[in-house]
Ligand SMILES: [Zn+2]
């Protein structure tokens, strides 16, 4: 972990309306970094050196293709065609999106000299005029890998509190996802509970672009009881996963609730059917949630059915193993690529809440099958995932120790800087900040 640096707890999405807390108040040891309002998304400025080029910043607008954009900016049709042909060797033009930024450089005679476009966070495509037409090359965009530490007390919901502490949505969603095997977010979160997280962030060398990375560590303290998760990649062919301090994986065979932020509106058991009027068994749980709320696969498995199914409306059933299946009914639509035979991962979005089939209102009807029969999901004894042992366990414990040290150092660093600041103020130091070196 060579170039791990602290990163200011600033908000990279300059489009949202969160109040901007002065950087030095949030993270006093990092004042050298670009303040959040200078971070501009999605545009790289790497130009040809020659001054006689006429440079144009262009972007794809709705209803336009690359050809239109280039020709509009002044390129000849043949040049535009050849440049796009060269570009498409490195970029799937079907993925081109509205808003994609490009830089076109024109020769003094008005002909297209060069075209540059960002391919990914770390790569740029440069299309240059050559003897034979145009040639495309991929260039690395240098970036720094940072880790960012954020903590906070939960007031209303984890989502809201984390958001207020400056965590980007994508990171919050991931945090909720990795805890969803241990925590029922609907019922177990109380005011005064707290969270803590250490995650990776990539930052371009000029500090103008950021990309959020993996969560390395996350902790929830629920009514005084801590749950800590560490990211670790087991040695044998597994994906990286999250583990408790004792080496037990956070992943269970099935998630406790396949949906976030929903209210349990009907339990398993005998009830008067809301549409048909007579008493019958309700063989699942109903979750009330707005139409379009994503529904997750409760566990890894294979989609057995993803189609209309009588009173169930749009219906997905997943076979997890020889024992367990789960089913999701009344969906408004299916998740991307979800169809019979498709392999899904735990937490993957398989559909969205709706009101298809025989229903009185939008909700998710969720069933768990054990050996072919529906059971009460709330009574289910959920089998646990893997437990690290031997060398894996040792490596994991070392890694967890490193992460703990890193966090302790970050906290101490902040505290030291604060004390320095107070001392300076006390002696009339003009309020100037003293920045402690990172450990
Ligand atoms: Zn139901």
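Within the stretch 387-402, not a single residue is within 16 Å of the ligand (Cβ to nearest atom) and in contact with a strand residue (DSSP E or B) (Cβ under 8 Å, 6 or more places away or on another chain). Being without any contact (Cβ under 8 Å) to a residue 60 or more places away in the chain and assigned by TED's automatic domain parsing to the domain that holds residue 200 holds for only one residue in 155, 92, and it is 155. Residue pairs whose Cβ atoms lie under 6 Å apart, separated by 6 or more positions or on different chains, with the first residue in the stretch 403-416 and in the same structural domain as residue 196 (by TED's automatic domain parsing) and the second modelled with pLDDT under 90 and buried (at least 18 other Cβ atoms within 10 Å of the Cβ), are 413/29.
Filtering the stretch 277-290 to residues that are part of a loop (DSSP other than H, G, I, E, B), within 16 Å of the ligand (Cβ to nearest atom), more than 22 Å from residue 372 (Cα to Cα) and in contact (Cβ under 8 Å) with a residue 60 or more places away in the chain leaves only 289. Restricting 179, 159, 185, 195 to those that are under 24 Å from residue 297 (Cβ atoms), crowded, with 16+ Cβ neighbours inside 10 Å and over 16 Å from the mean Cα position of the chain (by Cα) reduces the list to 185.
Figure legend. Inter-residue proximity from the stretch 71-83: first residues surrounded by 20 or more Cβ atoms within 10 Å (Cβ to Cβ), second residues assigned to a helix (DSSP H, G or I), beta-carbon distance below 6 Å, spacing 6+ or different chains. Indicated pairs: 80/67; 80/70; 80/71. When 305, 336 are screened for being more than 16 Å from the ligand (Cβ to nearest atom), in a loop (DSSP other than H, G, I, E, B) and not assigned by TED's automatic domain parsing to the domain that holds residue 240, only 336 passes. Restricted to the stretch 91-134, the set of strands (runs of 3 or more DSSP E) holding at least 1 residues that are within 20 Å of residue 77 (Cβ to Cβ) and within 22 Å of the chain's Cα centre (by Cα) is empty.
The values are calculated or read from the model by the stated rules, or taken from the named source; none is laboratory data. Just so you know, these numbers come straight off a predicted model, no measurement behind them. When we count neighbours, we look across all protein chains shown, and the Cβ atoms used for this are built from the backbone with ideal geometry, even at glycine.
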